[in-house]
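**Q** Below is a structure I'd like to ask you about.
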Amino acid sequence: MLDFPRWKVIWIWGLLAVLCLLAVPSFLPETATARWGAIPHRRINLGLDLAGGSYLLLEGDTADLATTTLETMRDGIQAEMRRGTPRIEIGDISTQGGQLSFLLRDPTQVDAARERLLTLTGGGAGMSGQRQWDIQVVDTSRFVLKQTQAGQQLALEAAMKGAIEVVRRRIDALGTKEPTIIGQGTNRIVVQVPGLQDPQALKDLLGKTAKLEFKLVDIDASKDTAALAQNRAPTGSQVLPFAGGAARIAVKRSAIIRGEDLVDARQTYDDRNQPDVSMTFDGPGGRRFGRVTQENVGKPFAIIIDNQVISAPNINEPILGGRASISGGGFTVDSANQLAIALRSGKLTINLKVIEESTVGPDLGKDSINAGILASIVAVVLVVAFMFVTYGRFGAYANIAVVINVFVILGVLAVIGGTLTLPGIAGFVLTIGTAVDANVLINERIREERRRGRSVVQAVELGYKEASRTIFEANATHAISGIVMAFLGSGPVKGFAVVLLIGIVTSVFTAVTFTRMLTAQWIRRNRPQAINI
């Protein structure tokens, strides 16, 4: 137990030195560490409660989701009926009254149409075994489809799960550190972004559904200004407004290409050196876009974002190669970049509304940090004084371990890119206070062995050996609690758990292995016949 070869001593001192040095950048201004170049200078991220930032509570629009689901199913039905042999001819699909209805032109194809509808709706039942769509035949040839309650619930769950991922990708693209993005209830998302003092840009970005569509313009309907003003369009077309204006235009309902075909989107500049958004489509999408533009040279098409027309340029020549750009939208560099991020991160399958927002000022965080630093200093001083008075030399070794443990925890937090929150500071102070528990157990066991008449070497060796088992078992139970909080908790609870888990591991190493090395070196060097403990 007291045998420490030179390589092991060097390894322990080297590991602790490196971890302590990794904590240094967190104490320096970012302007100072930015000049370090290739030298590692990762810092501890501060949570919303310490660094300040923006808090948003988003709510999914369930009514809009129901409409979107109907539109998606409508497009799917049209494609499914055209696909395969024989082709099934149907009339226009109505989405009135929250249900889909369409008429078969040939009543003898009812059974074939039903089979295709069952395939399209997953056999009418989801993974839960509950039907997602109710399919009925009215008047021998009219189909009516309505989403069931179970189907609506499954659609909402899938939409909110996807929305959380899209929100996460958009915020990550802003370069923010350690945002908190969690679901709340069935249709809400909590977003906390440390360091972002103005939530407006975040709201603008997250508020974009980023539903991208390219559609051909209905030229004849667009000339009827009276119908446009009344929002009327012929069957197969729809009226949409231009972004940022009162003008309207009629476009075909069927899209040439959608955001699902998008591979990448970047902010670039057009021929006039004005900001625009360049897009790259996947293979099938690019080929479809090229074919449609080839067939409609000289005609206008509309570029639509979230049901607003950004621009409606003419197709002067076929657009091949799977690339296109959005220009003429009056973009600034920031707005073009935000649109590119929104498109690149994916379309929100449900509209999100901000129902609560707040901004945490950095002054409050600064006060919390100062209070945490003061609490940490007081805790260290009191623990050091108690250990030194109670255990003398062995208390001094424990004190050295405590001080090193403080820097090691900060170094580990910096390495893993951890976030320090106000509860995390509480966990940090708690770790300092309990870091010497292991040394108390060891020292008391050494005292007991000395009273039994053991020699110094035997007492120290047995003290570390027998106490280590209890120490590891006690910390294992703490670690289990910390792991449960880290995985099941969120926000403040998770911040507390992460610091606590790091503190458990580092304090056991410094309190047991490190102090045992110091004790072994002292005994080997001085060979004492008695110890004051």
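The values are calculated or read from the model by the stated rules, or taken from the named source; none is laboratory data. Here the structure is a predicted model, which means the values were calculated and not measured. In this analysis, Cβ positions are derived from the backbone assuming ideal geometry, glycine residues included, and neighbour counts consider all displayed protein chains.
**Q** Which of the residues that make up region 199-220 are of a type in the set (A, V, I, L, M) and modelled with pLDDT of 85 or more?
**A** 216, 217, 219
**Q** Given the options 462, 413, 430, 441, name the one that is assigned to a helix (DSSP H, G or I) and touching a strand residue (DSSP E or B) at 6+ places or on another chain (Cβ under 8 Å). Full working, then the answer.
**A** Numbers: 462 fails: touching a strand residue (DSSP E or B) at 6+ places or on another chain (Cβ under 8 Å); 430 fails: touching a strand residue (DSSP E or B) at 6+ places or on another chain (Cβ under 8 Å); 441 fails: touching a strand residue (DSSP E or B) at 6+ places or on another chain (Cβ under 8 Å).
Step by step, each of 462, 413, 430, 441 is checked, and only 413 is assigned to a helix (DSSP H, G or I) and touching a strand residue (DSSP E or B) at 6+ places or on another chain (Cβ under 8 Å).
**Q** Given the conditions (1) within 30 Å of residue 41 (Cβ to Cβ); (2) buried (at least 20 other Cβ atoms within 10 Å of the Cβ), report the number of the one that residue 415 does not fulfil.
**A** The number of the failed condition is (2).
**Q** Now for a separate question. Can you list the helices (runs of 4 or more DSSP H) lying wholly within region 1-119 that have 3 or more residues being of a type in the set (A, V, I, L, M, F, W, C)?
**A** Working: elements: 6-22, 30-33, 48-51, 62-82.
Output list reads 6-22, 48-51, 62-82.
**Q** Okay, moving on. Yes or no: region 417-431 includes at least one residue that is under 16 Å from residue 515 (Cβ atoms) and touching a helix residue (DSSP H, G or I) at 6+ places or on another chain (Cβ under 6 Å).
**A** We begin by selecting, within region 417-431, every residue under 16 Å from residue 515 (Cβ atoms); these are none.
No, because not a single residue in region 417-431 is under 16 Å from residue 515 (Cβ atoms) and touching a helix residue (DSSP H, G or I) at 6+ places or on another chain (Cβ under 6 Å).
**Q** Select from region 314-356 the residues that are at pLDDT 85 or above and more than 29 Å from the chain's Cα centre (by Cα) and list them in ascending order.
**A** Listed by number, the residues that qualify are 314, 315.
**Q** Another question, if that's okay. Taking region 106-115 on its own, how many of its residues are over 13 Å from residue 140 (Cβ atoms) and more than 41 Å from the chain's Cα centre (by Cα)? So that I can check it myself, show each step before the final result.
**A** The initial filter retains those residues of region 106-115 that are over 13 Å from residue 140 (Cβ atoms), namely 112, 115.
With the extra rule that they be more than 41 Å from the chain's Cα centre (by Cα), the set shrinks to 112.
Going through region 106-115 one residue at a time, the tally reaches 1.
**Q** Now for a separate question. Residue by residue through region 187-239, note down the ones that are surrounded by fewer than 13 Cβ atoms within 10 Å (Cβ to Cβ) and part of a helix (DSSP H, G or I).
**A** If the condition is that a residue be surrounded by fewer than 13 Cβ atoms within 10 Å (Cβ to Cβ) and part of a helix (DSSP H, G or I), then 200, 219, 220, 223, 225, 226, 229 are the ones that fit.
**Q** Now for a different question. Can you give me the ranges of the strands (runs of 3 or more DSSP E) entirely in region 257-331 with at least 1 residues that are touching a helix residue (DSSP H, G or I) at 6+ places or on another chain (Cβ under 7 Å) and farther than 28 Å from residue 245 by Cβ? It would help to see each step written out before you state the result.
**A** Numbers: elements: 262-269, 275-281, 301-305, 308-311, 323-326.
Answer list for region 257-331: 262-269.
**Q** To continue, here is another question. Out of 319, 304, report the one residue that is touching a Gly at 6+ places or on another chain (Cβ under 8 Å), assigned by TED's automatic domain parsing to the domain that holds residue 277 and of a type in the set (A, V, I, L, M).
**A** On the way: 304 fails: touching a Gly at 6+ places or on another chain (Cβ under 8 Å).
When all the criteria are applied, what remains is 319.
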